[in-house]
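The values are calculated or read from the model by the stated rules, or taken from the named source; none is laboratory data. Quick caveat, the model's predicted, so the values are computed rather than measured. All Cβ positions, even for glycine, are placed from backbone atoms using ideal geometry, and neighbour counts span all protein chains on display.
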Amino acid sequence: MAVIGIDLGTTNSLAAYWADGQPRLIADECGQVLFPSVVSYICGEGLAVGTQAKKRILTHKKDTAASFKRFMGTEKKYRLGEKDYTPMELSAMVLERIKKNAEYFLKEEIEEAVITVPAYFNDKQRSDTKKAAKIAGLSVKRLINEPSAAALAYRTTYGEKDLTLLVFDFGGGTLDLSYVECFDNIIEIVAVAGDNYLGGDDIDQLIAKYFCEENGLAWKENDALTQNCRTENNSTRIDLTISEYAALMQCAEDAKCRLEQENEVELVLEVSGKTYTSKLNQDILFEICMPLFSRIKKLFIHILRDAQARVSDLDDLIMVGGSSRLTVVKRFLTELLGKEPIVLGETDKVVAMGAGVYAGIRARREDIRDMLLTDVCPFTLGVETWRKKSDLQGYLLPMIERNSTLPTSHCQRLVTMNDYQDGITVRIYQGEEYYAKDNLFLGEISIPVYPKPAGEEWIDVYFTYDINGLLYVEVANAQGIRNHILLSNQELSRSELERYRKEMQKLMIPPIQQEENKKILEELTQYYHNSVGGQREQIGLFINWFARYLHSGRRYLIVQAVEKAKQQVQFLEESQDRAEEFLFDGELNVLLEEESEEY
Ligand code: ADP
Ligand code: MG
């Protein structure tokens with residue numbers, strides 16, 4: 001039975017599967033592969049999903065739900081006809097149709113799927129995506145991050161060399177940037193950044209606004225989407241009716257898409273029987289998009305800072321999402337980065353193609369190699385603590401910082417706050433807010449402590465978070481009593497719980513304490529002891545460099561650093577008997593030069 005990969009998008013959704021050594025897209029009865037993520041209520045007919053619903057977005061705004069993915073994980077209600085629907089229920093309707101399309105297309109029953117989600121989705125958003133799939137009759141083999149899917153598609157196209165990518169995913173309503181490292185069979189997301197209100201819709205609005213200005217028509221703000229547009233209250237201008245406005249937005253989007261093939265296009269709109277026109281070309285569109293470009297530039301700065309990287313560290317930038325088709329966007333990125341981005345076929349299908357590759361992996365197809373997709377933890381995980389006893393509210397002490405590579409582990413010692421308290425309750429939260437209570441509460445765990453004056457008793461708290469969204473928290477008091485809790489966004493059976501707990505316990509060992517790395521450090525230290533002068537100093541610097549990498553939490557870098565350290569040990573071993581001058585001209589110096597560049 002086939003496993004399908006689904007890109008459940010904000011604007012469009014689509015599905016792919018693995019066949020004959022490559023991912024293939026699934027088309028509906030009409031041959032369409034893009035399926036609008038829109039649901040609309042049609043009086044007397046019921047609910048419409050997809051293309052038919054999309055046509056009603058502007059004309060029947062009240063009865064139509066679109067872009068609900070933005071509110072996934074919340075209880076926001078969309079009233080369609082007589083009933084209220086949550087984003088999860090609406091997503092379920094989209095998934096159900098995709099499942100039906102796939103069954104029709106593949107002529108077999110589909111029960112299993114991998115679904116892509118934005119890398120920054122939190123536990124609640126992920127678990128609601130899974131629930132939506134369940135309602136649609138699909139069992140989710142795994143949720144994969146959209147940028148990981150894009151990287152998988154890239155590697156299927158360009159081969160599996162080690163490299164660092166920036167995935168630029170510019171869709172209908174959102175822009176997501178991800179810094180991704182690919183090495184061996186591992187695809188690792190190092191950092192993510194994004195804007196939930198920056199997408200193709202905003203470009204349409206800017207074009208429409210430009211059209212109105214050119215023709216003396218009154219521009220009305222559609223909604224809060226376009227932050228850079230201001231409503232103009234010029235009463236001499238002509239107001240548009242709702243259907244004229246809908247036609248204008250459609251006309252703007254069409255013109256934008258036509259510009260992909262033509263150098264110049266014309267927008268034509270009838271208002272109260274009179275025809276208005278205006279021309280659009282690449283240069284005008286570039287000017288129109290300027291406000292958006294400056295926001296994009298800020299996001300680049302943000303992500304590079306989070307990844308502690310520079311533009312020159314990037315091997316390639318890959319463009320994903322429908323809005324990445326725009327020539328002006330490509331031109332802007334080329335100017336920004338000083339090199340051409342990579343376009344993998346049709347940009348709005350790349351994530352689905354990657355999902356199709358992963359579907360092949362999960363179906364255990366032999367013509368495809370297993371890949372390990374790691375994740376970043378998109379939000380900070382922490383515990384509630386108090387700085388002073390008099391504090392009115394507890395603040396969030398971060399245990400696992402956002403953008404940490406998963407799986408990851410961290411340990412922190414906490415001391416007692418009150419005299420003779422006989423227990424500590426550790427309250428666990430997810431989020432970026434200062435006060436603990438303003439974050440998402442995940443669970444709590446208690447442990448007894450020996451009653452002593454405040455500050456004299458302590459507990460160690462271990463946090464381990466893995467790629468399946470499982471958070472394992474273990475607490476241990478000074479007497480060695482331990483307690484643990486496993487928090488998950490999915491329902492687990494007893495035996496699964498036990499298995500996960502064992503796996504997570506293994507992960508609790510940070511790289512600096514792993515046997516292999518400890519041994520390398522010991523050996524290096526031995527060489528340090530046995531040498532003098534400049535050589536000793538250089539080995540000392542190397543040890544320091546290596547230890548810093550082991551603490552960095554960046555698995556790709558750690559793998560490389562371990563490799564280098566092994567070479568270093570081997571080199572020291574070989575040159576032990578050689579003359580000192582030779583050693584100074586040797587590889588050690590080369591390594592140290594590299595070090596000063598890297599850190
Ligand atoms: P999402 O990931 O948000 O579901 P997509 O990646 O499918 O969305 O992108 C949808 C956006 O892409 C829409 O704003 C649409 O106008 C835009 N788009 C689609 N085709 C083109 C094109 N040829 N040129 C420019 N923009 C396009
Ligand atoms: Mg998308």
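A few notes on this one:
- Put simply, of 319, 371 the only residue that is away from ligand 2 (no atom under 16 Å from the Cβ), surrounded by 17 or more Cβ atoms within 10 Å (Cβ to Cβ) and under 21 Å from the mean Cα position of the chain (by Cα) is 371.
- Pairs, first farther than 18 Å from residue 5 by Cβ and at pLDDT 95 or above in segment 23-46, second surrounded by fewer than 17 Cβ atoms within 10 Å (Cβ to Cβ) and among the polar types (S, T, N, Q), C-beta under 6 Å, six or more apart: 36/51
- Filtered residues of segment 189-213 (kept if surrounded by fewer than 22 Cβ atoms within 10 Å (Cβ to Cβ) and charged (D, E, K, R)): 195, 213
- Number of the exception - residue 318 against (1) outside any helix (DSSP H, G or I); (2) within 16 Å of ligand 1 (Cβ to nearest atom); (3) not assigned by TED's automatic domain parsing to the domain that holds residue 169: (3)
- Looking only at segment 323-340, and only at residues there that are under 18 Å from residue 154 (Cβ atoms) and surrounded by fewer than 21 Cβ atoms within 10 Å (Cβ to Cβ), the one that is nearest to ligand 2 (Cβ to nearest atom): 325
- The listed residue being within 16 Å of ligand 2 (Cβ to nearest atom) and either at pLDDT 95 or above or not assigned by TED's automatic domain parsing to the domain that holds residue 440 (or both), out of 360, 345: 345
- Any chance residue 208 is modelled with pLDDT of 90 or more, within 12 Å of ligand 1 (Cβ to nearest atom) and over 18 Å from residue 37 (Cα atoms): no
- Qualifying positions in segment 224-257 - touching a helix residue (DSSP H, G or I) at 6+ places or on another chain (Cβ under 7 Å) and either modelled with pLDDT of 85 or more or not β-branched (Val, Ile, Thr) (or both): 225, 228, 229, 240, 248, 249, 252, 253, 255, 256
- Hits in segment 87-113 - residues which are touching a residue at least 24 places away in the same chain (Cβ under 8 Å), part of a loop (DSSP other than H, G, I, E, B) and surrounded by fewer than 21 Cβ atoms within 10 Å (Cβ to Cβ): 108, 109, 111
Rundown of residues vs (1) within 14 Å of ligand 1 (Cβ to nearest atom); (2) under 17 Å from residue 211 (Cβ atoms); (3) assigned to a loop (DSSP other than H, G, I, E, B), yes/no style:
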| residue | (1), (2), (3) |
| --- | --- |
| 260 | yes, no, yes |
| 286 | yes, yes, no |
| 299 | no, no, no |
| 312 | no, no, no |
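- Checking each residue in segment 325-367 for being in a helix (DSSP H, G or I), away from ligand 1 (no atom under 16 Å from the Cβ) and over 20 Å from the mean Cα position of the chain (by Cα) picks out 334, 335, 336, 337, 360, 361, 362.
- Segment 48-85: number of residues that are farther than 27 Å from residue 23 by Cβ, β-branched (Val, Ile, Thr) and over 23 Å from the mean Cα position of the chain (by Cα): 3
- In segment 204-217, the residues that are at positive phi reach residues that are surrounded by fewer than 22 Cβ atoms within 10 Å (Cβ to Cβ) with C-beta atoms within less than 9 angstrom, at least six apart or across chains, in these pairs: 216/234; 216/236; 216/237; 216/238; 216/276.
- Taking the criterion of being within 12 Å of residue 316 (Cα to Cα) and buried (at least 24 other Cβ atoms within 10 Å of the Cβ), the residues of segment 142-164 that qualify are 151, 154.
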